[in-house]
Amino acid sequence: MSKEPMTREGFDKLQTELRQLKTIERPAIIQAIAEARALGDLSENAEYQYAREKQSFIEGRIADIEDKLSRAEVIDISKLSGQEIKFGATVLLTNLDTDEKVQYRIVGVDEANIEAGLISVSSPIARVLIGKGVGDTVDVRTPGGSKIYEVVSVNYG
């Protein structure tokens with residue numbers, strides 16, 4: 001069973017979602033199933049079918065989150081430092097073709113949100129950045145073609 005790196009924020013967010021699912025969503029769907037059953041014939045009962053599908057989704061998500069939390073390796077980014085890019089780094093890059101600057105923070109798989117500048121540690125760009133430092137250039141292969149970036153800064157915290 002491999003460990004899955006994540007930030008404290010990502011771990012806390014998953015715990016909050018798990019608590020919400022177990023204490024609010026699960027009891028609500030159990031109640032909805034009971035009410036739908038009371039309506040009679042289950043074979044043509046759309047409310048019952050919907051409630052059962054939703055229950056299946058909730059139970060699957062609970063199992064998924066519990067698995068991720070059990071394998072989590074919470075990394076305290078505030079204790080990291082240095083100029084080498086690793087998990088938790090906030091990296092400022094310059095696209096050498098367009099001079100456009102982009103900033104990304106390397107986070108766990110479930111925390112990724114490209115619009116917020118959070119990229120998964122397993123993403124193609126994060127994989128080529130790991131181990132690099134300020135002044136290094138990286139060639140990132142994307143579906144839209146290859147992009148060359150220069151590392152401008154590396155920060156933690």
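Charges at C-beta only: +1 for Lys and Arg, -1 for Asp and Glu. How large is the resulting dipole of the chain about its Cα centre, in Debye rounded to 20? The partial results should precede the final answer.
Values: 20 positive and 26 negative charges, 85 e Å.
I would put it at about 400 debye.
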**Message:** Compute the angle between helix 8-20 and the longest alpha-carbon principal axis of the chain, please, reported from 0 to 90 degrees and rounded to the nearest 10.
**Reply:** 10
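Does segment 4-75 classify as rounded, prolate or oblate by the C-alpha gyration tensor (a ≥ b ≥ c root eigenvalues; a/c under 1.5 gives rounded; else a/b over b/c gives prolate, otherwise oblate)? Before the final figure, lay out the partial values.
Numbers: a/c = 5.06, a/b = 3.13, b/c = 1.61.
Prolate, since a/c reaches 1.5 and a/b exceeds b/c.
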**Prompt:** What nm distance separates the two modelled labels at Thr137 and Tyr50, each placed 7 Å from Cα along Cα→Cβ?
**Reply:** 5.7
**Asked** Once the Cβ-Cβ distance between Asp76 and Val102 is put in as r, and R0 is 35 Å, what FRET efficiency do you end up with, to the nearest 0.05?
**Response** 0.85
**Message:** Ignoring everything except DSSP H segments at least 4 long, calculate the 222 nm mean residue ellipticity for the chain; use -39,500 (n - 2.57) per segment, divide by total residues, nearest 500.
**Reply:** -12000 deg cm²/dmol
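Contour minus end-to-end for Lys22 and Glu150, with contour as 0.36 nm per residue of separation and end-to-end as the Cα-Cα distance?
41.5 nm is the gain from fully extending Lys22 to Glu150.
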**Item:** Angle in degrees between helix 26-37 and the longest Cα principal axis of the chain, rounded to the nearest 10
**Value:** 30
**Asked** Going by a ≥ b ≥ c, the root eigenvalues of the Cα gyration tensor, does segment 77-155 fall in the rounded group (a/c under 1.5), the prolate group (a/b larger than b/c) or the oblate group?
**Response** oblate
**Item:** Nearest 10 degrees, 0 to 90: helix 46-71 Cα axis against the chain principal axis
**Value:** 40
**Request:** Among Phe11, Asn95, Ala38, flag the residue with its Cα farthest along the positive direction of the charge dipole of the chain, charges on Cβ as +1 for Lys/Arg and -1 for Asp/Glu.
**Result:** Phe11
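Pairs of alpha-carbon atoms within less than 8 angstrom and 6+ residues apart define the contacts here; what relative contact order does segment 4-75 have, in percent?
After rounding, I find 59 percent.
Taking Cα pairs under 8 Å and at least six residues apart, what relative contact order does the chain come out at, in percent?
With pairs under 8 Å counted, the relative contact order is 24 percent.
No lab work stands behind these numbers, since they all come straight from the coordinates. Because the structure is a prediction, the values reported are computed rather than measured. FYI the Cβ positions are ideal-geometry reconstructions off the backbone, even for glycines, and counts take in every protein chain you see.
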